[in-house]
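Student: Before I ask anything, here is the structure I am working with.
Read-outs: derived from the displayed coordinates by stated rules, not from any lab. Only a predicted model underlies this, so the values are computations on that prediction, with no experimental measurement involved. Virtual Cβ from ideal backbone geometry, glycine too; neighbours counted across all protein chains shown.
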Amino acid sequence: MDCFDRDQESTRLWRYFKNGKNVLMLAPRRIGKTVLLNRIKDESSQYGFHAIVLDVEGFSDEKAFFRQMCAAIQEEIGVGQSVLAGLTERLKRIVHGAESQGDWRKILLDIDWNDFADHLLAQLQEEKDGKPWLFLVDEIPIFTKSLLEKSGPKNTHDFLYTLRNLRQKHRKVLWLYTGSIGMDTICRRSGVEGALVDMEIYPLEPFNRQTAANFLAHIAKKNQCTFTPDAIETILARLGWLSPYYLEKIAEAACDKATDNQNIDNEAADHAANSLLELSRRTYWSTWREHLDKNFPDPERTHLFTILAEIARTPTGASIDVLLTALNPVNGPTGEEILRSYLDTLEADGYLSSNEPRDQYRFRMNLLREWWLRYVVLRTHHG
Ligand SMILES: Nc1ncnc2c1ncn2[C@@H]1O[C@H](COP(=O)(O)OP(=O)(O)OP(=O)(O)O)[C@@H](O)[C@H]1O
Ligand SMILES: [Mg+2]
């Protein structure tokens with residue numbers, strides 16, 4: 001996947017890394033975290049780093065995390081094999097119980113993961129070429145959530161604090177964590193907010209208007225089409241929040257339908273935006289509903305759906321007063337403070353935006369509002 005633009009973001013992140021900072025980059029689904037991570041990986045040699053992308057979705061215990069980390073290191077051409085050979089030697093020499101036959105995989109089975117991790121990082125830190133290492137860990141909140149469910153808060157706490165200690169002890173090994181769900185929510189649930197305080201928070205934003213317009217033109221060109229300036233304006237307005245994923249989907253839908261001279265006008269653009277709400281494409285948006293279904297237990301979940309249903313009903317959104325009224329019958333009296341914390345969550349996770357006095361909330365993406373109304377509010381008891 002080619003990364004369109006994101007030049008500023010990349011420069012900013014590299015500045016952090018060159019200054020020895022670790023970064024926590026949280027952002028909603030589909031905004032381009034993984035694409036950016038891969039760009040950083042591709043740029044790493046020019047900045048003098050060894051960078052490793054580590055996707056930890058699908059793993060749920062500590063040893064699996066470090067096994068995956070070693071497997072990814074092993075693939076690093078030129079150094080990977082020797083790092084792991086060095087690690088195996090080191091473990092056999094130093095760690096009680098690791099004298100047995102076999103390589104690092106075997107030893108990891110037999111010893112404590114904490115010891116293993118410490119020696120792994122020490123080995124990286126001492127690597128002969130002196131280059132710093134950068135681990136780009138994708139979907140760490142999902143991993144943390146699985147760990148929490150499988151092993152409970154105490155082990156989750158230990159794991160995250162161990163990573164923090166490793167960051168402090170081995171300064172030439174840097175980390176970027178990313179993921180699409182509120183790491184803060186998960187940390188709060190397991191009482192480990194403190195485990196991330198040393199990291200720089202970097203919120204990845206959607207494209208700005210200019211980049212979004214360029215991106216639309218770029219996709220059109222790839223498909224031998226062009227958008228009129230009006231058509232571009234229409235798409236930006238319909239989306240409202242310029243996530244590369246949805247820009248790409250609309251542009252592709254428009255190009256698919258383009259006929260004579262491949263010129264896409266206002267009306268065609270509007271039509272393409274509408275087509276994203278069709279039954280056949282409704283799954284483009286379903287991650288937004290799944291996010292609430294998966295990550296929030298009741299009664300929060302029901303409350304969040306109630307709030308979104310109310311806000312979806314009008315394009316201009318709903319006021320705090322209206323929302324308080326809507327929420328009250330759900331489950332007894334719900335105070336403004338609780339409502340505000342729900343709204344903060346929905347804003348942080350990309351659903352909503354608010355005006356300045358923060359008394360009016362609307363959907364950040366207009367098309368998502370339309371989708372929500374059609375496929376969630378009008379179809380379920382959540383309405
Ligand atoms: N900079 C970009 N240039 C081109 N396409 C992009 C860019 N960023 C995102 N996209 C498009 O959006 C899609 C989603 O991007 P990506 O997978 O990086 O998002 P994500 O934030 O990791 O999403 P998730 O939370 O679902 O993992 C990509 O497959 C690509 O089609
Ligand atoms: Mg991703």
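Student: What whole-number volume per residue, in cubic angstrom, does the convex hull of the C-alpha atoms of the stretch 284-377 give? Please report the intermediate quantities before stating the final value.
Tutor: Values: hull volume 8.2 nm³, N = 94.
Looking at the stretch 284-377, the number lands at 88 Å³ per residue.
Student: Counting other C-beta atoms within 10 Å, and keeping those with at most 16, which DSSP coil GluC sites (Glu not before Pro) do you find in the stretch 100-209? Mind showing how you got there, number by number?
Tutor: Values: sites: Glu126, Glu127, Glu139, Glu149, Glu193, Glu200; in loops: Glu126, Glu127, Glu139.
Here the sparse-neighbourhood loop sites are Glu126.
Student: Then there is this: Based on Cβ point charges of +1 for Lys and Arg and -1 for Asp and Glu, what charge dipole magnitude is obtained for the chain about its Cα centre, in debye rounded to the nearest 20? Mind showing how you got there, number by number?
Tutor: Working: 48 positive and 55 negative charges, 87 e Å.
It works out to roughly 420 debye.
Student: Continuing with this model, one more query. Given a cut-off of under 8 Å on Cα pairs at least six residues apart, what relative contact order in percent is computed for the stretch 199-353? Can you show the working numbers first?
Tutor: Working: 122 pairs, mean separation 24.6, N = 155.
Once divided by the residue count of the stretch 199-353, the mean separation gives 16 percent.
Student: With r as the distance between the Cβ atoms of Asp110 and Lys172 and R0 = 25 Å, compute the FRET efficiency 1/(1 + (r/R0)^6) and round to 0.05. Can you show the working numbers first?
Tutor: Details: r = 28 Å, r/R0 = 1.11.
Efficiency, from the Cβ-Cβ distance: 0.35.
Student: Taking a cut-off of 29 Å, what percent of all Cα-Cα pairs in the stretch 7-201 are separated by more than that?
Tutor: Numbers: 3753 of 18915 pairs.
Of the Cα pairs, 20 percent sit more than 29 Å apart.
Student: Tally Lys/Arg at +1 and Asp/Glu at -1 over every other residue whose Cβ is under 13 Å from the Cβ of Gln125; what's the total?
Tutor: Numbers: positive: Arg90, Lys128, Lys131, Arg167, Lys169, Arg171, Lys172; negative: Asp118, Glu126, Glu127, Asp129.
Spelling it out: positives minus negatives among the neighbours equals +3.
Student: Further question: Once fully extended, how much extra length lies between Lys222 and Thr283, figured as 0.36 nm per residue of separation less the alpha-carbon to alpha-carbon distance? Walk me through the numbers before you get to the answer.
Tutor: Numbers: separation 61, 0.36 × 61 = 21.96 nm, distance 2.49 nm.
Here the segment from Lys222 to Thr283 would lengthen by 19.5 nm.
Student: Select from the stretch 125-198 those trypsin sites (Lys or Arg not before Pro) which occupy a DSSP coil region and have at most 13 other Cβ atoms within 10 Å, ordered by residue number.
Tutor: Details: sites: Lys128, Lys145, Lys150, Lys154, Arg164, Arg167, Lys169, Arg171, Lys172, Arg188, Arg189; in loops: Lys128, Arg171, Lys172.
Qualifying residues, ordered by number: Lys128, Arg171.
Student: Contact order normalised by length for the stretch 7-201, with contacts defined as Cα pairs under 8 Å and 6 or more residues apart; what percent is it?
Tutor: It comes to 33 percent, rounded to a whole number.
Student: Another question, then. Once you have the Cα-Cα distance between Arg340 and Asn165, take 0.36 nm times their residue separation minus that, and quote the gain in nm to one decimal.
Tutor: Values: separation 175, 0.36 × 175 = 63.00 nm, distance 3.43 nm.
So the chain would gain 59.6 nm between Arg340 and Asn165.
Student: Let me make sure I get this right: for the chain, a, b and c are the square roots of the gyration tensor eigenvalues over alpha carbons, sorted descending. Under 1.5 in a/c it's rounded, otherwise prolate if a/b > b/c, else oblate. Which is it?
Tutor: Numbers: a/c = 2.51, a/b = 1.49, b/c = 1.68.
Note, shape of the chain comes out oblate.
Student: Ok, one more. Determine the principal axes of the Cα atoms in the stretch 99-194, then give the extent along each, sorted from largest to smallest and rounded to whole angstroms.
Tutor: 39, 31, 20
Student: Whole Å is fine, so just give me how far the alpha carbon centre of the stretch 283-342 lies from that of the stretch 1-48.
Tutor: Centre-to-centre distance over Cα atoms comes out at 33 Å.
Student: Under 8 Å for C-alpha pairs, at least 6 residues apart: give me the relative contact order for the chain, rounded to a whole percent. Could the numbers behind the result be given before it?
Tutor: Numbers: 518 pairs, mean separation 63.6, N = 383.
Relative CO of the chain lands at 17 percent.
Student: What distance in nm separates the two pseudo spin-label positions at Arg301 and Asn155, each 7 Å out from Cα along the beta-carbon direction?
Tutor: For Arg301 paired with Asn155, the spin-label model returns 2.3 nm.
Student: Let me ask something else about it. Simple spin-label model, 7 Å along Cα-to-Cβ: Asp7 to Asn274 in nm?
Tutor: 3.8 nm
Student: In nm, to one decimal, how far is the modelled label at Glu89 from the one at Lys63, with both set 7 Å along Cα→Cβ?
Tutor: 2.6 nm
Student: To the nearest 20 Debye, how big is the dipole of the stretch 128-282 about its Cα centre, given +1 on the beta carbon of each Lys and Arg and -1 on that of each Asp and Glu? Present the calculation step by step, with values, prior to reporting the outcome.
Tutor: Details: 20 positive and 20 negative charges, 223 e Å.
Using only the charged Cβ atoms, the result is roughly 1080 debye.
Student: Follow-up question, since we're still on this one. Report the local net charge at Arg379: Lys and Arg +1, Asp and Glu -1, summed over other residues whose C-beta lies under 12 Å from its C-beta. Working shown, then result.
Tutor: Numbers: positive: Arg282, Arg289, Arg374; negative: none.
Charge balance in the 12 Å sphere: +3.
Student: Which of Phe66, His50, Leu37 sits farthest toward the positive end of the charge dipole of the stretch 28-113, with +1 on the Cβ of Lys and Arg and -1 on the Cβ of Asp and Glu?
Tutor: Leu37
Student: Ranking His119, His303 by Cβ neighbours within 10 Å, fewest first, what do you get? Before the final figure, lay out each step's value.
Tutor: Working: His119 22, His303 19.
The order, fewest Cβ neighbours first, is His303, His119.
Student: Additional query: Is there a quick way to get the dipole size of the stretch 209-276? I mean about its Cα centre, with the Cβ of Lys and Arg at +1 and of Asp and Glu at -1; what is the value in debye to the nearest 20?
Tutor: Numbers: 6 positive and 9 negative charges, 57 e Å.
Here the size comes out at about 280 debye.
Student: Another question about this same structure. Restricting to bridges with both residues inside the chain, how much of the DSSP beta-bridge set is antiparallel, in percent to the nearest 5? Write down the numbers at each step before the final one.
Tutor: Working: 5 of 24 bridges.
Percentage antiparallel, nearest 5: 20.
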